[in-house]
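Notes follow the structure.
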Amino acid sequence: MKKSIAEAIGTAVLVIVGCGTAMLVGCDAVNGSGYLLTALAFGLTIVAMAYSIGNISGCHINPAVSLAFMLRGDITTGEFISYAVSQCIGAFCGSAVLACIFGLGGVTDATGGFGANGLAGVGGNAFAGLIVEIVLTFIFVMAIMGVTSKKANHGSFGGLVIGLSLVLVHILGIGLTGTSVNPARSIGPAIFAAFNGNATPLAQLWVFIVGPLVGGALAAIAYKALED
């Protein structure tokens, strides 16, 4: 139970800080600084959470990461389900906090949809979006697999490496899909965007569930094959 609560808290913080930054500064091609600020917000949140809840739950805060750990044999199927549900609940709660901040505070949402992911950067093409999410998640999870491997010797720098890896994939992916690489992170904002009258993220949500899960699974399989 403590691990699940930690995962919910961590995912909520990721959505509040990451998506909240995107909502505040915007992520359009004209405002390049918005790209970097949002990428850093997501990555630095991972760093902060890794060093706060990492010793409790491992700080997955991402169903794609939890799936990879399950496939590597680090957690059971039951633990994966518990983690994934908790992460989605956390993302929903994080989005609710953003709804209060931006709604009650009268702050403008520069993204127009709670920082939700979308396919505008790939011309609305779902297949292209899938490729982006699979590739970016593969890169991100491969880094996590390496850092958390029993053969790794990164000392106390593991959380920093993982956080910077998330910054890396965001720099490329924000202009294409908004960068999900995390189904839970996509689910919460998409639901609240729909509540706010923008149903497009919810209609495209399947891409940001399937893509990251496939990318995470492929990374776990590839790393296991290389490590063995």
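The values are calculated or read from the model by the stated rules, or taken from the named source; none is laboratory data. Just so we're clear, the structure is a prediction, and the values are computed from it rather than from any experiment. Every residue, glycine as well, gets a Cβ built from its backbone with ideal geometry; the counts of neighbours run over all protein chains shown.
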Count - residues of the stretch 168-193 that are in a helix (DSSP H, G or I) and more than 12 Å from G115 (Cα to Cα): 8
Condition broken by A96, with the remaining ones in (1) surrounded by fewer than 24 Cβ atoms within 10 Å (Cβ to Cβ); (2) closer than 24 Å to V210 by Cβ satisfied: (2)
Residues of the stretch 72-88 that turn out to be among the aliphatic types (A, V, I, L, M) and surrounded by fewer than 19 Cβ atoms within 10 Å (Cβ to Cβ), as a count: 2
Positions within the stretch 55-77 being of a type outside the set (D, E, K, R), at pLDDT below 95, farther than 13 Å from T11 by Cβ and in a helix (DSSP H, G or I), in sequence order: N55, I56
Leading residue by the ranking (farthest from the chain's Cα centre (by Cα)) among those in the stretch 8-64 that are among the polar types (S, T, N, Q) and surrounded by fewer than 18 Cβ atoms within 10 Å (Cβ to Cβ): N31
Test: residue in the stretch 208-220 that is more than 16 Å from the chain's Cα centre (by Cα), in a helix (DSSP H, G or I) and either buried (at least 24 other Cβ atoms within 10 Å of the Cβ) or on the phi < 0 side of the Ramachandran plot (or both): yes
Single residue of the stretch 112-126 satisfying the filter (touching a residue at least 24 places away in the same chain (Cβ under 8 Å) and farther than 14 Å from G188 by Cβ) that is surrounded by the fewest Cβ atoms within 10 Å (Cβ to Cβ): A126
Test set (1) surrounded by fewer than 17 Cβ atoms within 10 Å (Cβ to Cβ); (2) modelled with pLDDT of 95 or more; (3) closer than 24 Å to P201 by Cα - L104 fails condition number: (2)
